[in-house]
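Quick one: structure below, then a few questions.
Just so it is clear, none of the values below were taken in a lab; they were calculated from the coordinates. Since this is a predicted model, take the numbers as computed values, not measurements. No Cβ is skipped: glycine too gets one built from the backbone with ideal geometry, and neighbour counts run over all protein chains shown.
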Amino acid sequence: MSSESHSSAEYIKHHLQNLTYGKLPDGSWGIAHSAEEAKEMGFWALNLDTFLMSLLLGIVIMFLFRRAAKSATAGTPNGLQNFCEWSLEFIDSSVRGSFSGKNNLLGPLALTIFFWVFSMNLMDLLPIDYTAQLMLHIGVPFFKVVPSTDPNATFGLAIGVFILVLYYSVKMKGIGGFLGELTLQPFGKWGLPINLVLEGVNLIAKPISLALRLFGNMYAGEMIFILIALMGGAWAGVTIGNATLYGSQILLSLGWAIFHILIITLQAFIFMTLTIVYLDMAHQEHH
Amino acid sequence: MNINATLLAQTIMFALFVWFCMKFVWTPIMAALDQRRKQIADGLADAERARHDLELAAKRSAEILREAKEKVGEIVANGEKRANEIIEAAKEQAKVEGERIIAGAKAEIEQEVFRAKEQLRTQVSSIALAGASKILAREIDAKAHSDLLDKLVAEI
């Protein structure tokens, strides 16, 4: 049925489209109502859903930890404080394990990255139609609830980490030392162009791999949720085949969601660990 | 794009997922947190108990020290008392002994005096007798005047 395949494509597109605010073709500023419109806005447009969700999640996480910190006692911790202490201990031991230098920024940075990325990934576990349908009903054309499926968010985080890497590289080794590291190895000063290419790629690969790993994993996970959800959309009449599809949609998405508990935690952890490792490399002299 | 049974399926799935999380994710995490809380509580309680024990021990040692001091004082006082007693007793004994010696000496002296007197008496009588007999050699008859002489002796 052509209309059905059309609606499937539409369904997928709808779920993968961010709520974009920018300059509309007619010259006014507003929200794009189709993927084409959003594309035409070019660089100077905002993905409102990514923006709002990441901001909201960040605020919630900050609020929770702030509340735990404010009521923290030296006695037996309970509830929220216990959980926060537990996570802090875990992250602190990760930092201690991978970071050999001394930097007071790294612990809080790792904590923030882990919980922010984790909470953004966690949105993936909400049934995908809930937010989209809800937003559709209140007149918002698109709403992608998982910020980490938007490369803007993951690249934003990764560029932040990259700036820190550059800053600490220069701070620890001096501009000369940092440039020397980029140009004078591994082949000595006569192989300078090759060195620059190799080390440059090495350097640029850090933020790109950081951002794309998270984005790729979350995007793929979201995609599979959408595809599984499409099975139920094939509902066209009470037949055994349709009932089977419907049932398997429930079971598959349940299985995928359960598997995703692992993925979202792992991805947040990997992002955090790689940040620590990159910053550790920035602190260390090459040999 | 409209609401259809997909939403229903997702709702069922979500309910199942929440159930799964409650049963298999939430429970172990809560157990771990609970255990951590319990460990910390135990640790703190142990520390508290140890501190309490230390306090008790300190109190007890102070008590023992105080008792020992008291006892030492008592012993010293007893010793002093005993020493005094011994000295007193010795003094008493010495006094008694001295008195006894003095009494003995006195008795001896008296006896000596008595004996000397006795001797003197006997000798005086014979000297007197001899003198008298020399002076009155002719007139006096020893026999006749012996009672007179005896009287004289007794008077000396």
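B:Glu97: net charge of surrounding residues, Cβ under 15 Å, Lys/Arg +1, Asp/Glu -1, itself excluded?
+1
Which helices, taking whole DSSP H runs in chain A, have alpha carbons extending 24 angstrom or more along the helix axis plus mean Kyte-Doolittle at least 0.5?
On the way: long enough: A:48-70 (32 Å, 1.46); A:80-98 (27 Å, -0.11); A:151-183 (33 Å, 1.07); A:192-233 (59 Å, 1.31); A:240-283 (63 Å, 1.37).
Answer set is A:48-70, A:151-183, A:192-233, A:240-283.
Let me ask something else about it. What would the Debye formula give as log10 I(q)/I(0) at q = 0.10, 0.13 Å⁻¹ for the alpha-carbon point model of the protein assembly as shown, no solvent?
-0.95, -1.25
Along the charge dipole of chain B, which of B:Trp26, B:Ala41, B:Val72 sits closest to the positive end, that is, farthest toward it, with unit charges on the beta carbon of Lys, Arg, Asp and Glu (+1, +1, -1, -1)?
Highest projection toward the positive end goes to B:Trp26.
Quick one: what Rg and Dmax do you get for the range A:150-218 from the alpha carbons, in Å?
14.1, 44
Toward the positive end of the charge dipole of the range A:2-283, about the Cα centre and with charges on Cβ (Lys, Arg +1; Asp, Glu -1), which of A:Val170, A:Ala45, A:Met218 goes farthest?
Farthest towards the positive pole: A:Val170.
Using a 10 angstrom cutoff on alpha carbons, build the Gaussian network for chain B and name the most mobile of B:Ala90, B:Ala132, B:Ala15.
Judging by the Gaussian network model, the answer is B:Ala15.
Report the residue, chosen from A:Glu222, A:Glu36, A:Glu181, that carries the largest GNM mean-square fluctuation when chain A is represented by alpha-carbon nodes joined by springs under 10 Å.
Of the options given, A:Glu36 has the highest mean-square fluctuation.
For the protein assembly as shown, what does -39500 (n - 2.57) per DSSP helix run (n ≥ 4), summed and divided by total residues, give at 222 nm, in deg cm²/dmol to the nearest 500? Write out the running numbers ahead of the final one.
On the way: 12 runs with 348 residues, N = 443.
Estimated from H runs of four or more residues: -28500 deg cm²/dmol.
With charges set only on the Cβ (+1 for Lys and Arg, -1 for Asp and Glu), what does the dipole of chain B come to about its Cα centre, in debye to the nearest 20?
Details: 24 positive and 25 negative charges, 173 e Å.
Dipole size: approximately 840 debye.
Would you count, across chain B, every pair of lysines whose alpha carbons are under 23 angstrom apart, provided the pair is eight or more residues apart or spans two chains?
14
Under 5 Å between amide hydrogens, which residues at least 5 positions from A:Asn47 or on another chain qualify, with H placed 1.01 Å from N in the peptide plane?
Distant-sequence amide H within range of A:Asn47: A:Tyr21.
Gaussian network model of chain A, Cα springs within a sub-10 Å range: biggest mean-square fluctuation belongs to which of A:Gly241, A:Gly79, A:Gly22?
A:Gly79
Quick one: divide the alpha-carbon radius of gyration of chain B by 2.2 N^0.38 Å and tell me what you get.
On the way: Rg = 60.6 Å, N = 156, 2.2 N^0.38 = 15.0 Å.
Computed over Cα atoms of chain B, the ratio equals 4.04.
Show the residues, 5+ positions off or on another chain, whose built amide H is closer than 5 Å to the amide H of A:Leu184.
none
Let me ask another. Calculate the mean, over all residues of peptide B:13-21, of how many other protein chain Cβ atoms lie within 10 angstrom of the residue's Cβ.
On the way: counts 14, 8, 3, 6, 12, 2, 1, 5, 4.
Partner Cβ neighbours, averaged per residue: 6.
With charges only on Cβ, +1 for K and R and -1 for D and E, what is the dipole size of chain A about its Cα centre, in debye, rounded to 20?
Numbers: 14 positive and 18 negative charges, 165 e Å.
Here chain A has a charge dipole of around 800 debye.
Using Cα pairs under 8 angstrom and six or more residues apart, how large is the relative contact order of the range A:2-283, in percent?
On the way: 292 pairs, mean separation 66.7, N = 282.
It rounds to 24 percent for the range A:2-283.
Now for a separate question. What whole-number volume per residue, in cubic angstrom, does the convex hull of the C-alpha atoms of the range A:3-72 give? It would help to have the intermediate numbers written out before the result.
On the way: hull volume 7.7 nm³, N = 70.
Cα convex hull per residue, to the nearest whole number: 110 Å³.
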